[in-house]
Each structure stands twice: as structure tokens, then as C-alpha cells.
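The values are calculated or read from the model by the stated rules, or taken from the named source; none is laboratory data. Model, not experiment: these values are computed from the prediction. A quick note on method: Cβ atoms are made from the backbone with ideal geometry, for glycine too, and the neighbour counts reach across all protein chains shown. Side chains are part of the model used for accessible areas, which takes the heavy atoms of the whole protein and leaves out ligands, DNA and RNA. Shrake-Rupley method; radii C 1.70, N 1.55, O 1.52, S 1.80 Å.
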Amino acid sequence: MNEERKRVNPFFEPYGTPHDTVPFDRIRLEDFEEAFLEGIRRDNEQIEKTINNPEPPTFDNTIINTEEDEGYYDLLSRVSTVFFNLLSAETNDEMDALAQKMQPLLTQHANDVRLNPRLFERVRRVHLHHRRLTPEEKMLLNNCYDGFVRSGALLDEAGKARLRQLTEEASMLSLQFSQNLLKENKAFTLDITDESLLDGLPETAREAAAMAAKEQDKQGWVFTLDMPSYSPFMTYSTQRELRRQMYMARNTVCTHDNTENNLEICKRLVNLRREIAQLLGYKTYADYVLKRRMASNTRGVYRLLNDLIDAYKPAAVKEREELKRFAHTKDMEPWDVSFYTHKLQMKKYNIDAEMLRPYFELSQVIKGVFGLANRLYGITFKENKDIPVYHPDVKAYEVFDKDGSFLAVFYADFHPRKGKQGGAWMTEFQGQCIDRKGENVRPHVSVVMNLTKPTEEKPALLTLSEVETFLHEFGHSLHGMFANTRFESLSGTNVWWDFVELPSQFMENYAVEKEFLRTFAFHYKTGEPLPDELIRRILRSRNFMAATACMRQVSFGLLDMAYYTQRDAFDDDIIAFEKQAWKKAILGRQLPDTCMTVQFSHIMAGGYAAGYYSYKWAEVLDADAFAVFKRHGIFDRATAQRFRDEILSKGGTEHPMELYKRFKGGEPTIDALLKRNGIKR
């Protein structure tokens with residue numbers, strides 16, 4: 001009898017899948033740890049080869065990987081990408097435990113690389129004596145050298161030892177922050193068995209809650225803190241006490257006296273990052289971060305935030321007063337705001353999310369978004385069910401360029417579920433690059449969202465806001481799919497942090513354009529197009545509460561900067577500090593027990609520390625850029641091609657302002673944003 005062939009870890013051999021996509025169906029939990037450890041071993045082996053190379057250091061033998069073994073790939077990058085993407089989109093207790101086990105080893109390894117004096121000496125010599133490099137090679141070299149320096153390569157041994165301690169602790173705490181937040185958000189449910197308590201809720205919300213109850217083997221209706229459940233409840237429910245319960249549940253997560261409390265974790269993360277920055281010679285963590293941002297320094301960030309406050313706050317105050325008058329109250333509670341905002345919108349414009357839902361059936365929205373990409377750039381999407389996916393909800397597509405050549409793989413993961421973080425994001429399972437053989441390795445990009453789920457009675461019917469979310473993340477994916485650079489670390493979304501949101505926020509502009517809506521917004525039952533009258537109301541209501549929304553984003557930016565401009569040890573009470581930090585942009589009453597910081601993943605665990613202002617920074621850019629399209633036609637192929645050539649395909653190969661000026665013909669101004677929001681005529 002022949003022995004059964006010994007199983008090989010899928011990460012250790014060619015995937016053998018369409019476009020070398022990840023074989024999710026063959027990967028087991030135990031494969032990750034084995035691949036992580038082997039990846040670290042291979043990394044160390046390659047570093048030893050590099051630092052022991054008797055040849056003088058050059059760009060080729062030091063900066064880029066010169067491994068010539070057939071079929072070589074970066075195993076550590078391969079397994080890390082898959083594992084941490086799944087940790088956000090499809091985790092479980094076993095994955096969480098493995099993350100806790102592997103994170104210290106991975107951080108230690110990263111420190112071993114960046115703090116290796118012999119390796120840095122070779123990098124330093126190349127940086128000092130390089131000759132005849134292309135602009136992209138120079139950018140990679142400068143990034144590599146700066147990466148070593150910003151990771152502590154110039155520190156003495158005591159400094160390096162301290163940096164290791166700080167970075168390893170920060171890495172673990174960021175992971176713990178995210179795991180706590182996911183557990184707290186998923187733990188809460190509002191269970192209703194009395195149908196009278198559903199008063200005011202639209203049919204879609206009731207059906208979704210009934211399905212959630214059925215999935216949990218409960219009677220009645222279940223509402224959760226996932227946005228497709230939470231948002232309609234806060235907007236439509238007439239049960240003020242239940243709205244209060246939902247609001248307080250969402251806004252006090254990770255503040256309770258249990259193992260998921262994030263208050264001390266946040267405080268410690270702020271101090272760790274401050275100490276890391278100061279160890280590296282900066283006054284604050286914001287100073288450290290902003291050295292490689294378009295804003296340049298804290299003055300640039302505060303100038304933007306204060307300019308926005310000056311321009312928008314008077315209008316926001318007026319919006320708030322109008323809302324209070326409409327609600328006949330002077331003391332509006334936070335759980336009343338969405339409820340009365342919706343009623344005021346109905347009174348002024350006779351428009352709301354539920355009126356539009358029947359016209360935004362998900363499969364049609366997908367066609368519309370893909371069709372927009374085709375109209376602008378000529379690319380096409382074809383679902384390929386032979387490409388493995390990590391969950392049945394996920395769809396995988398092949399993307400083809402206008403000449404018919406293969407461009408990318410695109411994964412779309414639309415709906416909330418138990419093991420999935422909240423929010424929406426774009427990521428990659430494979431980045432674009434030119435390999436040693438000169439082949440253009442095309443990217444595998446993924447968008448992960450938490451959009452309204454289908455029910456037993458209806459398909460997935462989205463709100464206009466959810467359509468905008470899809471467009472936003474799709475904009476990020478276009479940045480990834482159009483990447484056309486030599487080096488993966490410079491491709492796609494690997495750009496300065498306050499530039500990365502331009503392509504995403506740019507795409508949101510199309511959500512209210514009649515010509516775009518006409519391509520996909522059809523009633524899911526009758527097939528009738530979205531009526532002109534509804535489109536007119538959408539446009540009329542476009543700037544409803546726009547100033548209030550701006551102040552909300554500015555408040556988050558102020559909070560972020562308040563934490564990361566700390567020069568001394570931070571030991572304030574997080575909740576009290578938060579309320580003071582963003583006070584300048586807050587319009588309503590602040591409740592004593594609520595806290596945003598402990599759930600603010602962007603700045604605690606998501607890479608936006610000292611960078612949340614980027615959303616408003618990029619909003620200035622996207623309004624300015626879309627104004628160019630408005631002048632030439634929102635579907636103008638020539639303008640779109642310039643946007644692709646000068647911005648989307650270039651990644652981080654040049655300074656972002658140079659890329660933007662080449663597209664626009666000059667630097668951006670805030671005027672287009674003020675006009676779009678109705679602040680300036």
C-alpha cells in the first residue's frame with residue numbers, strides 16, 4: 001500500500017491557484033505558526049548572506065533582495081499578510097491566541113533587522129556613495145535609510161535596548177486594544193420580544209433584526225452595535241429609552257470594569273509612542289510622524305484644523321440651533337440627535353435613507369461601481385469562482401485593463417459577522433512589483449466592509465451612505481490595482497499617510513452625480529430608475545448638516561493631536577482629557593461616562609496616530625481634484641487617464657505634492673471644498 005503523501009504547508013510551496021492567489025481552502029491554523037518561524041529563519045539567513053558579502057555594498061546587493069533561488073519569495077511577508085488580514089476580517093479565539101503568541105516574536109525580529117549595526121553600515125555606505133540610480137531607486141534607498149534611522153539605528157546600545165522594550169510593548173498593546181474592542185462590540189445585543197417597541201423602525205431594520213435573532217437562536221428581534229443595525233435604530237426608533245441604551249452601550253465600550261477595558265492601554269500607548277519619539281530625538285510623537293507627511297509639522301496640522309473651525313463652526317452652530325428649535329428642546333441628548341436630524345431632513349427635503357434603499361440593491365451597486373471604473377479607465381471585472389476565498393460572503397474577481405490584459409485580483413467582503421472588525425478598509429494579499437525576471441507581478445487587493453446584509457425577504461439594500469463607503473474603499477483599491485512601479489514597498493497605497501485618502505475620497509464624489517446614479521440605481525422589484533425628483537432631493541439635501549459633520553471630523557483630529565503632542569509623561573484621566581482636548585469643535589453636551597478614545601482604532605491600533613487630520617487634508621485635495629473633472633466632464637477619459645498616470649499608478653515613487661501638481665497644474669486650495677459644502681458661494 002502506498003503511503004499517503006505527507007501534507008506540505010501551503011505557504012511553503014507554489015500556491016497553484018489562479019494568479020497565485022492565496023489557497024484559503026487549504027490553509028490550517030497550525031500552518032501559520034510553522035510558516036512564521038520558518039519565515040523568520042529565512043529572513044535571518046538572507047541577512048547573514050548580505051552582511052557577510054565580501055563585495056562592497058551596492059544598491060543591488062544590499063538594498064534589494066538578490067536571492068536567485070528559483071521560486072524564491074518572501075515567506076514571512078506572505079504568511080504575515082494572510083494572517084493579519086484574516087485577524088481583522090475572519091478571526092476566532094484560536095487566531096487571537098496565536099496573534100498574542102506571535103506578535104512579540106515578529107516585533108523582536110523587526111527590531112533585530114532594523115537595529116543590526118552591520119546591516120545598517122552597508123545601507124549607510126550605499127546611501128553615502130550611490131551612483132547612477134533612477135529616481136525610483138533613489139526613493140527606495142532614501143526610504144530604506146530613513147527607515148533604519150527612524151527605527152533606532154543611530155542609537156547607542158542602551159538606547160537600542162530601550163527601544164526594543166518600548167516597541168515590543170506597544171505592538172502587544174495595539175493588538176490587545178483591537179481584540180478588546182472586537183469582543184466588547186460583539187458582546188452587546190439589544191433583545192426585543194415586544195413588537196410595540198419596534199415603533200418607528202423601517203421594515204428593513206425589523207427584518208434584519210429578526211434574522212439576527214434567528215441566527216442567535218433567540219425569539220423576537222436582536223439589534224447589535226454593527227452599523228447596519230445600530231444606525232437605523234438610532235435614526236428611526238421612537239423608543240427614547242432604548243435609543244439611550246444603544247447609545248450608551250456603543251459609547252462606553254472598553255470602559256467597563258472587565259478584562260476588555262482599554263483605558264490604561266490607551267494611556268500606556270500614548271506614553272510609549274512619546275518615549276519612542278523622544279528616544280529618537282523628537283520632542284513629541286507628532287513631530288516624529290509628521291516629518292514624513294505633506295503637512296510637514298504640527299503647525300501645518302493645526303493650521304488646517306483651525307481654518308476648518310473658523311470656516312465651518314459658525315454654520316455648525318446654526319445647524320445645531322435649528323435642530324433644537326425643531327425638536328422643541330434646549331437640552332438635546334446625544335441619543336436624540338440622529339432621530340431629530342432625520343425628522344428635520346424629512347421636513348426640509350422629504351428625503352431619507354429608506355426612500356433610497358430599494359434603488360441601491362447590492363448587486364446593482366456592484367455593477368454601477370464596476371461600470372464607473374470601466375467608463376473612466378476602461379477596466380472590466382469578471383467574477384472567478386475558482387479563486388479561493390476565506391468566507392462564503394467574499395466574492396473574487398479578475399480585473400482586466402482596457403487592452404484586455406490581466407490587471408489585478410479584486411476581493412470584496414461586504415457584510416458584518418461575528419469574527420469581523422467594524423468599519424471598512426482596503427488591504428492587499430499581494431502587492432504589485434516588477435520581479436527579477438522583469439515580469440510585472442499584479443496585485444491582489446481586497447475591500448472589507450460592514451454593509452447591510454440580505455434578509456430572508458429581501459436582497460441586500462444599501463443606504464446612500466453605504467454606497468459612498470463602497471466607493472471610498474473602491475477608490476483605495478484602484479490605487480492598488482493601477483500600481484505600476486518596480487518595488488512593492490513603493491507601489492499602490494504605499495504613499496505618505498496624508499495622501500493615501502485622496503483616491504478614496506475622490507470616488508465618493510460620484511455618489512450624488514445624476515449621470516452615475518442613472519447607470520445602476522433601479523428599484524429592486526420594479527426595475528424603475530431612481531426618479532428625477534428623488535435625485536433632485538438628494539442634491540438639495542447634499543449639504544444638510546455638512547458643517548456639523550465637518551466639526552465631528554475636526555474634533556477627532558484635535559483629539560489625536562492632543563495625545564501625540566504630549567512632551568511629558570501622560571497620566572491624565574483619559575475620559576476627562578478627551579472632553580477637554582476636542583472641546584473647541586464639540587457642539588453638544590458631553591456625557592461624563594462616554595469615551596471615544598478607547599474605541600478609536602485609527603489612532604490607537606490602525607496607523608493613524610498623529611495622522612487623523614489626513615481625512616480632512618485629503619478632502620481638500622479630493623474636492624480640488626474633482627473640480628478638474630467637473631470642468632472637463634466627470635467621465636472624461638483624458639482627465640481620468642491623467643489621474644491614473646500621475647497619481648494612481650505612481651504610488652510612493654515621488655513626493656505626493658509633485659504628483660498632485662503634475663495632475664492639477666498647481667497646488668490645491670480649500671476653495672473647492674468650501675464651495676462643495678455650501679460654505680462659500
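For Cα pairs less than 8 Å apart in space and 6+ apart in sequence, what is the mean separation divided by the residue count of segment 543-643, i.e. the relative contact order in percent? Don't skip to the answer; put the middle values down first.
Working: 59 pairs, mean separation 29.2, N = 101.
For segment 543-643, the relative contact order is 29 percent.
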- prompt: At a Förster distance of 41 Å, what's the computed FRET efficiency of ASN306 paired with LYS214, Cβ-Cβ distance as r, to 0.05?
  reply: 0.20
message: Report the Cα centroid-to-centroid distance between segment 267-313 and segment 220-247 in angstrom, as an integer.
response: 36
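What ranking of VAL270, VAL389 comes out by heavy-atom accessible area, probe 1.4 Å, highest first? Working shown, then result.
Values: VAL270 0, VAL389 50 Å².
So the residues, ranked largest to smallest area, are VAL389, VAL270.
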- line: Rounded to the nearest Å, the spacing of the alpha-carbon centers of segment 534-551 and segment 428-452 is 35
- prompt: At 222 nm, what helix-only mean residue ellipticity would the chain give, in deg cm²/dmol to the nearest 500, using -39500 (n - 2.57) for each DSSP H run of four or more?
  reply: -16500 deg cm²/dmol
- prompt: To the nearest 0.05, what FRET efficiency results for ARG41 and LYS437 with a Förster distance of 25 Å applied to their C-beta separation?
  reply: 0.45
message: Need the full-extension length gain, LYS661 to LYS347, defined as separation in residues times 0.36 nm minus the C-alpha distance. One decimal, nm.
response: 108.7 nm
- request: Compute the acute angle (0 to 90°) between the alpha-carbon long axis of helix 93-114 and the principal axis of greatest extent of the alpha-carbon atoms of the chain; round to the nearest 10°.
  value: 50
query: Any idea how far apart ASN52 and ASN142 come out in nm if each label point goes 7 Å out from Cα toward Cβ?
result: 3.5
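Please compute the Kirkwood hydrodynamic radius over segment 144-269, one decimal place, Å, based on all pairs of different Cα atoms. Write down the numbers at each step before the final one.
Details: mean 1/r = 0.0569 Å⁻¹.
Hydrodynamic radius (Kirkwood, Cα pairs) of segment 144-269 is 17.6 Å.
Just to be sure I understand: if I project the alpha-carbon convex hull of the chain onto a plane and average over all orientations, what area do I get in nm²? All intermediate terms of the calculation are to be shown ahead of the outcome.
Values: hull surface 131.7 nm².
For the chain, the mean projected area of the Cα convex hull comes to 32.9 nm².
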- prompt: Using unit Cβ charges (K, R positive; D, E negative) and no other charged atoms, how large, in debye to the nearest 20, is the dipole of segment 150-206 about its Cα centre?
  reply: 560
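May I ask you to give the percent of accessible area on the chain that is carbon plus sulfur, with a probe radius of 1.4 Å? Before the final figure, lay out the partial values.
Working: 14540 of 29890 Å².
Carbon with sulfur: 49 percent of the solvent-accessible area.
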query: Within straight cross-link reach of LYS267, meaning Cα distance under 17 Å, which lysines are found once same-chain residues fewer than 8 apart are removed?
result: LYS579
- line: For segment 299-308, in residue order, the Karplus 3J(HN,Hα) values (coefficients 6.51, -1.76, 1.60; θ = phi - 60°; whole Hz; Gly and Pro = x) are 4, x, 5, 5, 4, 4, 4, 5, 4, 5
query: In what sequence, largest accessible area first, do HIS129, HIS328, HIS655 appear using a 1.4 Å probe?
result: HIS328, HIS129, HIS655
task: Could you list the residues of segment 556-584 with an amide nitrogen less than 20 Å from a label point located 7 Å from the Cα of GLU264 in the Cα-to-C-beta direction?
output: 569-578
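What number, in percent, do you get for the relative contact order of the chain if the mean sequence gap of Cα pairs under 8 Å and at least 6 apart is divided by its residue count? Don't jump to the answer; show the numbers that get you there.
On the way: 1005 pairs, mean separation 103.1, N = 681.
Across the chain, relative contact order equals 15 percent.
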message: Between segment 124-152 and segment 631-679, how far is it from one alpha carbon centroid to the other, in angstrom?
response: 29
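When the solvent-accessible surface of protein heavy atoms is calculated with a 1.4 angstrom probe, in what order do LEU587, LEU181 fall, highest first?
LEU587, LEU181
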- request: Describe numerically, in nm with one decimal, the distance between label points set 7 Å from Cα along Cα→Cβ at ARG292 and at GLN580.
  value: 3.3
- request: Could you check the simple spin-label distance between ASP593 and LYS402, using points 7 Å along Cα→Cβ, in nm with one decimal?
  value: 5.8
task: Using 0.36 nm per residue of separation minus the Cα-Cα distance, give me the extension gain between GLU322 and LYS418 in nm, one decimal.
output: 30.6 nm
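Estimate the FRET efficiency between THR134 and GLU333 by the formula 1/(1 + (r/R0)^6), using the beta-carbon distance for r and 45 Å for R0, to the nearest 0.05.
The pair THR134/GLU333 has a calculated efficiency of 0.15.
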message: With a 1.4 Å probe and all protein chains left in place, how much accessible area per residue does the chain have, in Å²?
response: 44
- prompt: Which of LYS138/LYS664; LYS420/LYS675; LYS584/LYS630; LYS214/LYS382; LYS186/LYS458; LYS453/LYS664 have a Cα-Cα distance over 30 Å?
  reply: LYS420/LYS675; LYS584/LYS630; LYS214/LYS382; LYS453/LYS664
message: Over the Cα atoms of segment 233-350, what radius of gyration and what Dmax do you get, in Å?
response: 20.6, 57
